[in-house]
Amino acid sequence: MEIAWGAVLQEVHEQDGILNDEVSGKGKVKRIKTNSENDYRGDKAVRHYRRTTIDKLPDKVLLRIFSFLTHREVSTYAHVCRKWRQIAYDSSLWSVVSMRPEVSGLYVQNSESLQALISVRFGPSLRYIELPIELTTNAVLHELASKCPNLTYMLLDFSTAMQLHDFSDMQSFPTRLRYLCICLSEVIFMEGFMRKIYNFINGLEVLHLIGTYEKIEEEEEEIYEVVNVHKLKSATPNLRVVNLYGINFVDDTHVEAFSSNCIQMECLAINFCAKVTGSSFRILFQRCRKLRSLQCQQTSLSSEHMMAVEWEKTALQELDITATDLSTECLIDLLTRTPALRWLSAGQQDGFTDQVLKAYIEKGNPRSLVALDLDLCDSLSEEGLFAFLYKYGFQLQGLVLSGIPHVSDSLWLKVMPSLKNVRILKMGTFTLEGLSKKIPVDQIMDAIATSCGQLERLEICWDPETVRFSDKSQKAIDAVRVRCLRLCCLVLSDGKYYEVVKSNFERADRSTVVRTSTTCKVTNAYLLSHYNDLLFN
């Protein structure tokens, strides 16, 4: 009877649609939720959800969200409410600060306001700061030295200076600096300022002196040695990385000066220093036994001076001789005598021929090479490149073969299976000269997706008029996007194919991957052992 009564009762309730009670097989009645109760609880959950805003998040979570914002955005959101103001002024958000408006968008009216910020907002959390000329004063530097004990990175921008502040009374300067970058002026002599900081920068490991190469006009003007390098090297005996970029007065005497006192030097970059001929390199490598990276792009290197260096006795692993116009004989001598070169950039070299590659294979040691840049080396043939890449392509992580008109899709399709470990790849040419047919970019993308699963950066330089694609291009693009999961940068010439690829990645919520060649350039620089130390802004 209990079972029958329970079944009848349940059927009645179901027919009435109220379903108030549930009767078990033993006749015991259990309380369940009615429709009205469900509606009430649902409305309550909705009301609770509507009351849940970003303001309900814990301070630690909110602080984490703010850490992804720029300092200009943080300063704007500080006006929302008192809580957000407190979060925005947390010193942990201000550990890396640029006070240059053209870089960060932050503008401080005067040095007094900056001093207040250093004391109240930055404090011990500050590790990196960039200062323009108008904010580089005695008082600001004193405040940084006393209130920011963990400051280890500093950039001082004097590039627009027409007159320096008076530093004759300067008594303090940050003493724990590991990294110092100074943007030089064309006409302002820095010795008065430099003389005051020599006693505070003995612990420097990374030094950047940035010249005005990009601002030089075609008309020749008088060149001033605005920094006394010979005195500077005496104050910085612990330097590991020295970057002299685009300084029009730097020559081999300055390179020799650094070598005489900085025996711990591991990386020397003298890119765009047109007066350097390489006459100091022999003594440089004799003194600096730890020197592993030499960057001398677009300098005036002499083949005679380069052949005089005892390359077989060096520890050199990374070399940039782009646009230095060395002879074929010199290139053969250099590559066959250097024992373990892992990173080579030899673009824009008319003397880099098949003969050089053949000698490198037969007499050199290409087994340690992981990055190769032969941009605009027109003297190389497709056969010579194929012989090298077929044998050593499997070990390459970075390959730049752009600007060579006769290197077309046929070579890439043949060597792509050998490039299984490549992370950086640049191909194609910006000009139509020498091209007799269209480039089937879909086939190249399919080959990349099949063979280059480790790819991180890719640049295809062929013009939009040269690239041939079809309505089925989406399949090849999908293959690259799905299989090359580490791909973070894909650079294309602006045109119809660029729009197709960009829309494909945007639909997959990867809108930052595809970029145009007018705003981005892919190089092997990411594979340099001192890449992070060589960065400057």
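Screening the candidates GLU362, GLU329, GLU304 for the property of being among the charged types (D, E, K, R) and under 28 Å from MET265 (Cβ atoms) yields one hit, GLU304. Within the range 175-187, the presence of at least one residue that is within 18 Å of ASN261 (Cα to Cα), of a type outside the set (Ser, Thr, Tyr) and either touching a residue at least 40 places away in the same chain (Cβ under 8 Å) or surrounded by fewer than 18 Cβ atoms within 10 Å (Cβ to Cβ) (or both) is confirmed.
Screening the candidates THR277, THR236 for the property of being over 21 Å from GLN317 (Cβ atoms), touching a Leu at 6+ places or on another chain (Cβ under 8 Å) and open to solvent by 10 Å² or more (accessible area, probe 1.4 Å) yields one hit, THR277.
Filter the range 341-360 down to residues that are open to solvent by 40 Å² or more (accessible area, probe 1.4 Å) and in contact with a helix residue (DSSP H, G or I) (Cβ under 8 Å, 6 or more places away or on another chain), then give me how many there are. Final tally of qualifying residues: 4. Among residues of the range 478-528 being more than 25 Å from LEU376 (Cβ to Cβ) and among the hydroxyl-bearing types (Ser, Thr, Tyr), the one that is farthest from the chain's Cα centre (by Cα) is SER503. The set of residues from the range 160-173 being polar (S, T, N, Q) and in contact with a Gly (Cβ under 9 Å, 6 or more places away or on another chain) comprises just one member, SER168. Within the range 93-109, restricting attention to residues that are among the polar types (S, T, N, Q) and modelled with pLDDT under 90, the residue that is surrounded by the fewest Cβ atoms within 10 Å (Cβ to Cβ) is GLN109. Yes or no: ASP90 open to solvent by 70 Å² or more (accessible area, probe 1.4 Å) and acidic (Asp, Glu)? Criteria not met by ASP90.
Could you go through the range 525-532 and let me know if any residue there is without any contact (Cβ under 8 Å) to a residue 24 or more places away in the chain and under 25 Å from LEU411 (Cα atoms). The answer is yes; a qualifying residue exists. As a summary of the residue check, LEU155 satisfies the conditions (1) over 15 Å from TRP94 (Cβ atoms); (2) open to solvent by less than 60 Å² (accessible area, probe 1.4 Å); (3) at pLDDT below 95 except for the one numbered (3). Scanning the range 374-397 for residues that are closer than 22 Å to THR523 by Cβ, touching a helix residue (DSSP H, G or I) at 6+ places or on another chain (Cβ under 9 Å) and either open to solvent by 40 Å² or more (accessible area, probe 1.4 Å) or assigned to a helix (DSSP H, G or I) (or both) yields a total of 9.
For the range 355-373, check the following and say yes or no: at least one residue is small (Gly, Ala, Ser), in contact (Cβ under 8 Å) with a residue 40 or more places away in the chain and assigned to a loop (DSSP other than H, G, I, E, B). No, there is no match, as no residue in the range 355-373 is small (Gly, Ala, Ser), in contact (Cβ under 8 Å) with a residue 40 or more places away in the chain and assigned to a loop (DSSP other than H, G, I, E, B).
Flag set for ALA323, criterion: out of contact with any Phe, Trp or Tyr (no Cβ under 9 Å at 6 or more places or on another chain), part of a loop (DSSP other than H, G, I, E, B) and either open to solvent by 50 Å² or more (accessible area, probe 1.4 Å) or on the phi > 0 side of the Ramachandran plot (or both).
The values are calculated or read from the model by the stated rules, or taken from the named source; none is laboratory data. All figures in this text were calculated on a predicted structure; none of them were measured in a lab. A quick note on method: Cβ atoms are made from the backbone with ideal geometry, for glycine too, and the neighbour counts reach across all protein chains shown. Please note that ligands, DNA and RNA were not included when accessible areas were found on the heavy atoms of the full protein model with its side chains. Shrake-Rupley method; radii C 1.70, N 1.55, O 1.52, S 1.80 Å.
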